[in-house]
Amino acid sequence: MAIRKIREIGDPILTKVCKPVKEVTPRISELIDDMFDTMYDANGVGLAASQVGILKRIVVIDCSAEQDEAIVLINPEMLETRGEQFGLEGCLSVPGKSGEVRRPAYAKVKAYNEDMEEFIIEGEDLLARALCHELDHLDGHMYTELVEGPLMSSEEAAQLMEEREMAEAPEEEDSGETE
Ligand code: NI
């Protein structure tokens with residue numbers, strides 16, 4: 001297990017389409033372990049293999065606060081999306097920045113686990129966002145292509161959220177939805 005170097009925006013590898021995994025070799029298992037280590041070390045909720053320079057269709061996700069809900073998705077495929085959410089999003093390949101992105105509120109994905117057994121995962125809210133964001137990486141796409149408005153520093157994003165909260169009625173819990 002090891003922490004791998006995270007490729008940053010501007011690196012051409014992040015724009016490449018990743019190739020399907022045919023079998024989970026010991027090397028692939030090691031890659032998956034390293035991807036979790038790398039993601040947790042960077043306090044991320046998701047990481048695609050291309051972000052550590054490997055063009056394979058592998059994604060790791062953990063949206064839990066305790067970092068105890070590790071999900072690995074091999075050859076994931078989006079089956080269904082529904083609804084909409086609008087909110088801040090960031091990426092370990094775009095350090096220190098975030099921007100507002102419109103995503104489905106619900107996503108249903110088919111993937112394979114480390115034993116190459118097929119499974120279905122459904123997610124709402126943050127998990128739906130993470131599934132969409134990470135699957136996009138496998139096709140060479142970054143959230144920065146979808147950002148509405150400016151890419152912000154953490155301070156700017158925090159300030160924006162504070163202003164929104166103050167401007168909105170206290171009953172409204174989703175600060176992103178203005179339409
Ligand atoms: Ni990302």
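Odds and ends about this structure:
- 5 angstrom amide H check on residue 19, placed H, neighbours 5+ away: 56, 57
- Those chymotrypsin sites (Phe, Trp or Tyr not before Pro) in segment 63-166 that DSSP places in a loop and that have at most 13 other beta carbons within 10 Å: none
- Using alpha-carbon coordinates, inclination of helix 26-41 to the longest axis of the chain, degrees: 20 degrees
- For the chain, the tally of Lys pairs with Cα-Cα distances below 25 Å comes to 17, considering only residues 8 or more apart or on different chains.
- Length-normalised contact order of the chain in % [C-alpha pairs under 8 Å, at least 6 apart]: 22 percent
- Net length gained if the chain between residue 120 and residue 55 were fully extended (0.36 nm per residue, minus Cα distance): 21.1 nm
- Between the Cα long axis of helix 154-167 and the first principal axis of the chain there is an angle of about 40°, rounded to the nearest 10.
- Dimensionless Rg ratio for the chain, taking C-alpha atoms and the 2.2 N^0.38 Å reference: 1.04
- Low-density loop positions, trypsin sites (Lys or Arg not before Pro), segment 17-92 - DSSP coil, at most 12 other Cβ in 10 Å: 22
- FRET E, pair residue 153, residue 8, Förster distance 22 Å, beta-carbon r, rounded to 0.05: 0.90
- Net charge of Cβ neighbours under 13 Å - reference residue 9; Lys, Arg +1; Asp, Glu -1: -1
- Spacing of the two label points (7 Å from each Cα toward its C-beta) at residue 64 and residue 145, in nm: 3.3 nm
- In degrees, nearest ten, helix 125-138 long axis to first principal axis of the chain (Cα): 50 degrees
Values in this text are rule-based calculations from the coordinates and carry no lab data. Just so it is clear, the structure is predicted and the values come from calculations on it, not from any experiment. Backbone-built Cβ (ideal geometry, glycine too); neighbour counts: all protein chains shown.
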